[in-house]
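The values are calculated or read from the model by the stated rules, or taken from the named source; none is laboratory data. All values reported here derive from a predicted model rather than from experimental measurement. Note that we place each Cβ from the backbone using ideal geometry, even for glycine, and neighbour counts take in every protein chain shown. Ligands, DNA and RNA are excluded from the accessible area calculation, which covers all protein heavy atoms including side chains. Shrake-Rupley method; radii C 1.70, N 1.55, O 1.52, S 1.80 Å.
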Amino acid sequence: MKKILITGAVGQIGSELTVALRKRYGDEKVIATDIRMPADKDLRDSGPFEFLDCLDPNHITRVMQIHKADTIYHLAAVLSAVGETKPNQAWKINVNGLYNILEAARQYRCALFFPSSIGAFGKSTPKDNTPQDTIQRPDTIYGVTKVAGELLCDYYHKRFNLDTRGLRFPGLISYETEPGGGTTDYAVEMFFEAIKHKKYTCYLKADTSLDMMYMPDAIRAMIELMEADASRLVHRNAFNVTAMNFTPERLADEIRKHIPEFVIDYKVDATKQAIADSWPNYMDDSAAREEWGWKPQYDIESMTKVMLDKVSDYINRNGALKSNLRGDR
Ligand code: AKB
């Protein structure tokens, strides 16, 4: 019977993944862990929660001994923009943290999910229709840690026959938990500011094209990959997955269909712009489609409609999005 442990469960992906996995496998079967207590009552009270610092191998062993998980979703990580301000922390958490979790997975024979990113590509990678297997020479610390993570997961599969699987996520769009410290976070901010102030100042240039995905598609992608028939997986770790690609200008146009008075202006953040410029315009995700049946459900039109409704509800309940640089995925 499945028993799942999630690291970084309080972050942007983890908070929604925990709820989805509890619905699918049962509340008691999913152990949420983080270095912070969940603020959200549903997340905190719906099943087991443990404090877990991925930098402490003894701590990981103790939690594994208690809960005897057979699957780990390792989401604790530092994102791209905050990584550039704290490279040392990005390396420690993204690489040493993953290494500790891989070692625990090896010892306890767990399957492991690892989230890579479009950040694993760099300036010399083909920008359009970026292939699954291609040049990866990122020049951000985030990208360096993601390439190292992809390779480590491949190594543990080949060397120890560990069931490691992973996705290269694009920017993820959600409203329940704030993103923290990413370059693609502008898309989430734009929805909140459009509803609150009908105005948004974007830190990326108007024509910066990036891949994006609405969170329910991302959650489904993770679960479907982990449940996929292993014999069909050629790539295993680091599948390109995308659902849509757009520029800030295109997203603003889409929002304007619903809020005609919405205006956007631009004050470019040089660090974030340089990161975005080194990432693909759009990826080829045909390997994911062929090997385990990946198919997104939301495009920019349907995602925008749902986001505007959900963000309005969220603001009525909780107030505006407070920008932070928390940094957990
Ligand atoms: C970031 O912007 O750092 C992340 C990512 C694309 O990995 N959202």
TODO: Look at residue 236 and say whether it is among the charged types (D, E, K, R), touching a residue at least 12 places away in the same chain (Cβ under 8 Å) and assigned to a loop (DSSP other than H, G, I, E, B).
DONE: yes
Open item on the list: Can you find, within the range 12-28, the residue that is nearest to residue 182 (Cα to Cα) among those that are more than 15 Å from the chain's Cα centre (by Cα) and buried (at least 19 other Cβ atoms within 10 Å of the Cβ)?
Closed with: 19
TODO: Name every residue in the range 21-43 that is more than 18 Å from residue 76 (Cα to Cα) and either at pLDDT 90 or above or of a type in the set (Lys, Arg) (or both), in order of residue number.
DONE: 22, 23, 24, 25, 26, 27, 28, 29, 41
Task: Qualifying residues in the range 50-71 (those that are open to solvent by less than 40 Å² (accessible area, probe 1.4 Å) and within 21 Å of the chain's Cα centre (by Cα)) - the one farthest from residue 90 (Cα to Cα) - done: 71
TODO: Please find, among 327, 319, the residue that is more than 22 Å from residue 75 (Cβ to Cβ), open to solvent by less than 80 Å² (accessible area, probe 1.4 Å) and modelled with pLDDT under 95.
DONE: 319
Task: Residue that is within 24 Å of residue 231 (Cβ to Cβ) and assigned to a loop (DSSP other than H, G, I, E, B), where the choices are 167, 162, 152 - done: 162
TODO: Just give me the residues in the range 133-167 being in contact (Cβ under 8 Å) with a residue 60 or more places away in the chain, away from the ligand (no atom under 13 Å from the Cβ), open to solvent by less than 20 Å² (accessible area, probe 1.4 Å) and of a type outside the set (D, E, K, R), in sequence order.
DONE: 153, 162, 164
Open item on the list: If the requirement is being crowded, with 21+ Cβ neighbours inside 10 Å and not in a strand (DSSP E or B), which of these qualifies: 9, 39?
Closed with: 9
TODO: Would you check if residue 236 is more than 16 Å from the ligand (Cβ to nearest atom), crowded, with 19+ Cβ neighbours inside 10 Å and among the charged types (D, E, K, R)?
DONE: yes
Task: Filtered residues of the range 255-287 (kept if buried (at least 17 other Cβ atoms within 10 Å of the Cβ) and within 16 Å of the ligand (Cβ to nearest atom)) - done: 272, 275, 276, 278, 279, 280, 282, 283, 285
TODO: Name the residue, out of 193, 249, 189, 224, that is open to solvent by 20 Å² or more (accessible area, probe 1.4 Å) and either within 14 Å of the ligand (Cβ to nearest atom) or in a loop (DSSP other than H, G, I, E, B) (or both).
DONE: 189
